[in-house]
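To keep things clear, I will list the structure first and then write my remarks on it.
The values are calculated or read from the model by the stated rules, or taken from the named source; none is laboratory data. Not measured: the values here are computed from a predicted model. In this analysis, Cβ positions are derived from the backbone assuming ideal geometry, glycine residues included, and neighbour counts consider all displayed protein chains. Protein only, heavy atoms only, side chains kept; ligands, DNA and RNA dropped before computing areas. Shrake-Rupley method; radii C 1.70, N 1.55, O 1.52, S 1.80 Å.
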Amino acid sequence: MAFSCPAVSEKNVGNHDACKTCPNYKVCMGARQEAAELKQIKERFENVKHIILVLSGKGGVGKSTIAAQLAYSLASQDFKVGVLDVDITGPSIPKMFGLEDERIHETFLGWSPVFNSDNIAVMSIAFLLSHPENAVIWRGPKKNGLIKQFVRDVYWDELDYLIVDTPPGTSDEHLSIASFLEEKIDGAILVTTPQEVSLLDVRREVTFCKKANVNIIGVVENMSSFICSCGHESVIFKPTTGGAEKMCQEMNLKLLGKLPLDISLRESCDLGISFFNEVNESKAIRALREITETIKKEIENKKEKKEDKKEEKKEEEDFDEF
Ligand code: SF4
């Protein structure tokens, strides 16, 4: 005979008299706990207007540099920005914000991010490590648990943008973030270099985003050229298959911009200071400003489309009722 659960309402799950002897008790309690945690996570991000994931198919393409510079760029426009570093195996965000010696602070509201300036708040796994060089070797469930703790327990307060720096590739961390933050994520920025090996991996990221239902804001081609301190520009990673531009055309993706390798930019990252405070005018700074503006526009377009769809759906429902 088929088992029929008597605890008809969500409130009763695990609490009904029948639950005490039910073979599904453990499963139900696990699901109840999960639902409660997801609710907590939702509440945590209530005051965060936009969430952007920064992804790359492979390491060494400058993903964290783009994440950090995007944060600096938005902060230079007086937006309140948060940076969440979930690159568990190689967190480099603290260095880029000059926060290497910082540790997590606990308050009655939860874990408090560390402030680089009035409007940039940073949280990184590195703040939990006793030494910055300690490699974090955690397996699936533990990593998932840590990421859950990061999204559930950090108190961000009000933010215009939260930028999430993820590890290279597609792994447990990406799946965890995508499932915990779900529709709160505005989209992902994919970072690549012009080389075919990097572009191939970006194609895998695209597949991941589609499967995980993460909107792709666009692609940034990093290290498109090299700008010497004398100002001379040369191409060091000559694209063999047309670079990110061609890939974007083929895959119907938005090319957000091309960022050159710039010595001043590298120095700013090494020193943990804002490139935007250091340099007034350069090709790299112009590229970063354009990339920032395009990202903001893409997010607004997506928001408008979402609202139009909601409106259409509501009109259809009203029409059906009529
Ligand atoms: S444990 Fe779950 S399935 Fe079993 S009676 Fe309770 S709510 Fe229903």
* Asked: Suppose every K and R has +1 on its Cβ and every D and E has -1 on its Cβ; what is the size of the dipole of region 47-310 about the Cα centre, in Debye to the nearest 20?
  -> 980
* Structure fact -> The answer for V235, listing residues at least 5 apart or on another chain whose modeled amide H is closer than 5 Å to its amide H, is F226
* To do: Find which of L146, A71, Q249 sits farthest along the positive direction of the dipole of the chain, computed with +1 on the beta-carbon of Lys and Arg, -1 on that of Asp and Glu, about the Cα centre.
  => L146
* Structure fact -> Along region 121-128, Karplus-curve 3J(HN,Hα) (6.51, -1.76, 1.60; θ = phi - 60°) to the nearest Hz, with x for Gly and Pro, reads 10, 10, 10, 9, 4, 4, 5, 9
* Structure fact -> Quick calc, region 148-193, dipole around Cα centre from Cβ unit charges on Lys, Arg (+) and Asp, Glu (-), nearest 20 debye, gives 180
* Find the centroid of the Cα atoms in region 4-63 and in region 68-132, then give the distance between the two in whole Å. => 26
* Structure fact -> Rounded to the nearest 5, the percent of antiparallel DSSP beta bridges in region 47-310 equals 20
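Place the peptides 51-61, 184-194 in order of packing, highest mean first, counting for every residue the other Cβ atoms within 10 Å and averaging per peptide.
Most protected by this proxy first, the peptides run 184-194, 51-61.
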* To do: Place the peptides 282-293, 103-114 in order of packing, highest mean first, counting for every residue the other Cβ atoms within 10 Å and averaging per peptide.
  => 282-293, 103-114
* To do: With a 1.4 Å probe and every protein chain left in place, work out the accessible area per residue of region 47-310 in Å², rounded to a whole number.
  => 47
* Asked: Packing-wise, with mean Cβ within 10 Å as the measure, how do 72-78, 164-170, 18-24, 251-257 rank, highest first?
  -> 164-170, 72-78, 251-257, 18-24
* **Phi to ³J(HN,Hα) by Karplus 6.51 cos²θ - 1.76 cosθ + 1.60 over region 80-85, Hz, x for Gly, Pro** => 8, 10, x, 10, 10, 9
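Roughly speaking, to the nearest percent, how much of the chain's 1.4 Å accessible area is carbon and sulfur?
That share works out to 51 percent.
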* Using only the Cα atoms of the chain, construct the convex hull and provide its projected area averaged over every direction, in square nanometres to one decimal. => 22.0
* Structure fact -> In order over region 215-227: 3J(HN,Hα) from phi, Karplus 6.51/-1.76/1.60, θ = phi - 60°, whole Hz, x for each Gly or Pro, gives 5, 9, 6, x, 10, 10, 8, 9, 6, 4, 8, 10, 10
* Structure fact -> Tilt, helix 25-44 to longest principal axis of the chain (alpha-carbon atoms), in degrees rounded to tens, equals 40
* **GNM top mover of M247, M29, M123 - the chain, alpha-carbon springs below 10 Å** => M29
* Near the amide H of K58, under 5 Å away, which other amide H atoms are found, from residues 5 or more places off or on another chain, if H is placed in the peptide plane? -> G169
* To do: Find which of L259, T294, H232 sits farthest along the positive direction of the dipole of region 224-322, computed with +1 on the beta-carbon of Lys and Arg, -1 on that of Asp and Glu, about the Cα centre.
  => H232
* To do: Taking amide H positions as placed in the peptide plane 1.01 Å from N, state which residues far from N222 in sequence (5 or more) or on other chains have amide H under 5 Å from it.
  => T192, T193, L259
